[in-house]
Amino acid sequence: MSYLKSSLVTDRGFVVLDRYDQSADPQEWTDLEYVDWKSSGDTRFAPLASASGQIEANGFWNHTPPRADRDGVWIDAQVAKAPRLTARATEPGVNVGRCRVIELQPNEYATTLYNLHQDDNNRLNPDGAGWIVRVFMNLSDDPDSFIILREDRFDPKTEIRIPLPAGAQIIVDTQRFWHAVWHRGPDPRYCLITSWESGPALDAYIAAHHGTNEHTNPPLDQAFMDEAQADVHRRFAERSVSIAEQARADRAASE
Ligand SMILES: [Fe+2]
């Protein structure tokens with residue numbers, strides 16, 4: 001399969017755009033309707049565009065017929081409450097898949113590492129289409145929180161940490177990177193996440209917003225990182241033991 005990709009995103013897998021002046025906008029995300037949806041962490045979602053125009057957060061490939069994360073259907077009631085957010089999500093003029101506000105409760109760095117995952121945005125994306133990427137527009141002001149990206153899930157040396165003050169705007173190839181957000185709190189974090197199709201229109205938008213992938217990680221204590229990484233390995237080991245025990249119990253029950 002070959003897909004059209006934005007060279008700046010492809011280069012390092014992410015692009016940081018100019019910071020948006022979030023303080024000038026009303027806090028539209030407080031008016032939206034949220035649904036419980038377990039993602040990476042303790043989360044709820046307020047969809048603006050979903051697979052069928054319902055207020056739900058399921059992957060587009062779980063619908064009938066299944067399809068890639070594109071051609072999202074706008075939800076009138078939500079759009080009416082969030083015209084600015086909708087305008088930002090549609091500004092590039094590219095195909096939009098899912099578009100939703102995520103609410104994330106505070107968590108720990110080790111839990112974030114445990115929750116690292118890759119998205120599946122391009123499942124069923126037709127050959128020759130634009131590669132689906134995601135843009136994260138942070139709405140609440142969380143300068144001490146980070147989106148964590150790793151090329152290799154278990155290798156801290158591949159980690160990229162990008163701070164999330166209000167107005168931070170980052171495009172990420174979330175199918176390439178293992179990713180999750182470390183949100184220190186104390187209040188919930190709100191972020192507009194939109195699936196966009198790569199192509200010339202997205203390239204033009206990135207250029208207009210001075211997209212760059214030059215980035216230096218904020219420092220993080222090495223001993224703290226090592227301890228968190230060890231904790232993750234412990235949790236995975238415990239999980240595999242409990243899965244094996246459950247399988248044994250199931251076998252015994254069926255014999
Ligand atoms: Fe994700």
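Here the residues Phe45, Phe14, ranked from fewest to most Cβ neighbours within 10 Å of their Cβ, fall in the order Phe45, Phe14. Using a Gaussian network model of the chain in which every pair of alpha carbons under 10 angstrom is joined by a spring, one finds that among Pro143, Pro165, Pro218 the greatest mean-square fluctuation is at Pro218.
Taking only the C-alpha atoms, wrap a convex hull around segment 137-228 and report its volume per residue in Å³ as a whole number.
That works out to 111 Å³ per residue.
Straightening the chain between Gln105 and Leu124 buys 3.7 nm, computed as 0.36 nm per residue apart minus the Cα-Cα spacing. In a reduced charge model with +1 at each Lys and Arg Cβ and -1 at each Asp and Glu Cβ, segment 46-155 shows a dipole moment near 420 debye about its Cα centre.
How much length would be gained if the chain were fully extended between Glu151 and Phe236, taking 0.36 nm per residue of separation minus their Cα-Cα distance, in nm to one decimal?
Residue separation times 0.36 nm, minus the Cα-Cα distance, leaves 28.7 nm.
Neighbour counts of C-beta atoms inside 10 Å place Thr212, Thr43, Thr86 in the sequence Thr212, Thr43, Thr86, starting with the fewest. Amide H contacts for Phe136 (H built 1.01 Å from N in the peptide plane; partners 5 or more residues away or on another chain; cut-off under 5 Å): Ile170, Ile171, Val172.
Loop-located trypsin sites (Lys or Arg not before Pro) across segment 90-191 with a Cβ neighbour count of 16 or fewer within 10 Å are Arg123, Arg153, Arg184, with loop assigned by DSSP.
Specify whether the C-alpha gyration tensor of segment 79-164 places it in the rounded, prolate or oblate class, a ≥ b ≥ c being the square roots of the eigenvalues: rounded for a/c under 1.5, otherwise prolate if a/b is larger than b/c and oblate if not.
oblate
In this structure, Ser254 and Asp31 have a Cβ-Cβ separation that, at R0 = 51 Å, corresponds to a calculated FRET efficiency of about 0.50.
Neighbour counts of other Cβ atoms within 10 Å put His215, His209, His179 in the fewest-to-most order His215, His209, His179. Shape of segment 1-135 from the C-alpha gyration tensor: rounded (a/c under 1.5, with a ≥ b ≥ c the square roots of its eigenvalues). Note on the chain: GNM, Cα springs under 10 Å; of Trp37, Trp182, Trp196, the largest mean-square fluctuation is that of Trp37. Dividing the convex hull volume of the alpha-carbon atoms in the chain by its residue count gives 151 Å³ per residue. With a simple spin-label model that places each label point 7 Å from the Cα along the Cα-to-Cβ direction, the separation between Thr10 and Phe224 comes to 3.7 nm. In a simple Cβ point-charge model (Lys, Arg +1; Asp, Glu -1; nothing else charged), segment 7-218 has a dipole of about 260 debye relative to its Cα centre. In percent, rounded to a whole number, the relative contact order of the chain is 26, using alpha-carbon pairs under 8 Å and six or more apart. Placing unit charges on the Cβ atoms of the charged side chains and taking the dipole of the chain about its Cα centre, the candidate lying farthest along the positive direction among Ser254, Ala24, Thr174 is Ser254.
For segment 143-178, chymotrypsin sites (Phe, Trp or Tyr not before Pro) are listed when DSSP marks them as loop and at most 16 other Cβ atoms sit within 10 Å of their Cβ; the list is Phe154.
Read the figures in this text as sums done on the coordinates, not as results from a lab. Note that the coordinates shown come from a computational prediction; the quantities given were computed from them, not determined experimentally. Reconstructed Cβ throughout: ideal geometry from the backbone, glycine too, with neighbour counts over all protein chains shown.
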